[in-house]
Every structure is written in C-alpha cells, then in structure tokens.
Amino acid sequence: MNAVIKVGGKQYYVTEGSEIYVEKLNAEVGDVVSFDQVLMLDNKIGSPYLADVTVNGEIVKNGKQRKIRIYKYKNKSRSNRKTQGHRQPYTKIKITKING
C-alpha cells in the first residue's frame with residue numbers, strides 16, 4: 001500500500017517498511033506514532049483528508065542534520081561579511097503499518 005501523509009506542514013510519500021525524516025516530534029525512541037492526516041491511499045484521494053485511515057510508525061532516532069553554512073554579504077561593504085551555521089533537528093520514523 002502507498003500513501004501520502006502530512007506531517008509538520010510537509011507531505012511525504014510512504015510505503016510499509018520505508019523510513020522518513022520529519023521535523024522533530026516530541027516523542028522518545030521506540031515510541032509508536034500514528035498519523036491521521038492521510039491525503040491519498042493507493043488510488044483514493046481525500047478532500048482534504050481520508051476518513052478512517054491511519055499510518056503507524058515507530059521512532060528510530062532523534063538527532064540533528066549536518067551543519068549548513070549561511071553567508072550574509074552586502075556589496076561594496078567589506079565590514080558586513082558574516083557566516084552563520086544552522087543544524088535542523090529531525091526525527092527518523094520507520095513506517096510499520098498502513099490501515100485503510
């Protein structure tokens with residue numbers, strides 16, 4: 001079964017057994033989470049969500065992504081060169097079952 005779910009304002013295409021990286025959730029490693037905002041299941045499309053369809057998953061890991069560099073530069077002004085770093089926290093989820 002294939003499904004499209006909405007988590008944290010983003011949409012993810014999932015199948016049973018797939019692993020996805022989503023924005024950080026307030027849960028511990030090993031917890032089971034359930035997503036009820038399912039936009040599509042195989043050929044059925046919801047408006048906006050499908051009723052009585054859930055996607056279950058298990059949290060595998062909480063962590064931070066690799067650091068990205070942010071450069072700020074103003075033309076013809078050498079004193080305003082700045083570098084800044086950012087690491088986005090994430091949660092890795094393994095999809096165990098799609099109920100629908």
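The values are calculated or read from the model by the stated rules, or taken from the named source; none is laboratory data. Since the model is a prediction, treat every value here as computed from it, not as a measurement. Quick reminder, even Gly has a Cβ in these numbers, built from the backbone with ideal geometry, and neighbours come from all protein chains shown. In case anyone asks, the SASA skips ligands and DNA or RNA and just uses the protein heavy atoms, side chains included. Shrake-Rupley method; radii C 1.70, N 1.55, O 1.52, S 1.80 Å.
Here is how the numbers come out for the structure above:
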read-out: Whole-number percent relative contact order across the range 1-48, with pairs defined as alpha carbons under 8 Å at least 6 apart; value: 44 percent
read-out: Using θ = phi - 60° and Karplus 6.51 cos²θ - 1.76 cosθ + 1.60, couplings along the range 66-76 (whole Hz; Gly, Pro as x); value: 5, 6, 10, 9, 10, 10, 10, 9, 10, 5, 6
read-out: Size of electric dipole in the chain: Cβ of Lys, Arg +1 and of Asp, Glu -1, about Cα centre, debye, nearest 20; value: 1560 debye
read-out: Formal net charge of residues neighbouring Q88 (Cβ-Cβ distance under 12 Å; K, R +1; D, E -1); value: +4
read-out: Label point distance in nm, K92-S47, each placed 7 Å from Cα along Cα→Cβ; value: 4.1 nm
read-out: Extension gain from V33 to Y73, taking 0.36 nm per residue of separation minus the Cα-Cα distance; value: 10.1 nm
read-out: Probe 1.4 Å - accessible area at S47, Å² to nearest ten; value: 110 Å²
read-out: Rg(Cα) / (2.2 N^0.38 Å) computed for the chain, rounded to two decimals; value: 1.46
read-out: Rounded accessible area per residue of the chain, 1.4 Å, Å²; value: 71 Å²
read-out: The range 16-100: chymotrypsin sites (Phe, Trp or Tyr not before Pro) in DSSP loop, at most 16 other beta carbons within 10 Å; value: Y49, Y73
read-out: The range 1-81: relative contact order in percent, alpha carbon pairs under 8 Å with at least 6 residues between; value: 26 percent
read-out: Of the trypsin sites (Lys or Arg not before Pro) in the range 1-77, those whose Cβ has at most 12 other Cβ within 10 Å and which sit in DSSP loop; value: R66, K67, K74, K76
read-out: Segment Q65-K24, length gained on full extension (0.36 nm per residue, minus Cα span); value: 13.7 nm
read-out: E58-Q84 pseudo-label distance in nm [points 7 Å out on the Cα-to-Cβ vector]; value: 4.0 nm
read-out: Sequence-distant residues sharing a close amide H with Q37 (under 5 Å, placed H); value: K6
read-out: Rh by Kirkwood over Cα pairs, then Stokes-Einstein D for the range 56-100 at 1.567 mPa s and 4 °C, µm²/s; value: 93 µm²/s
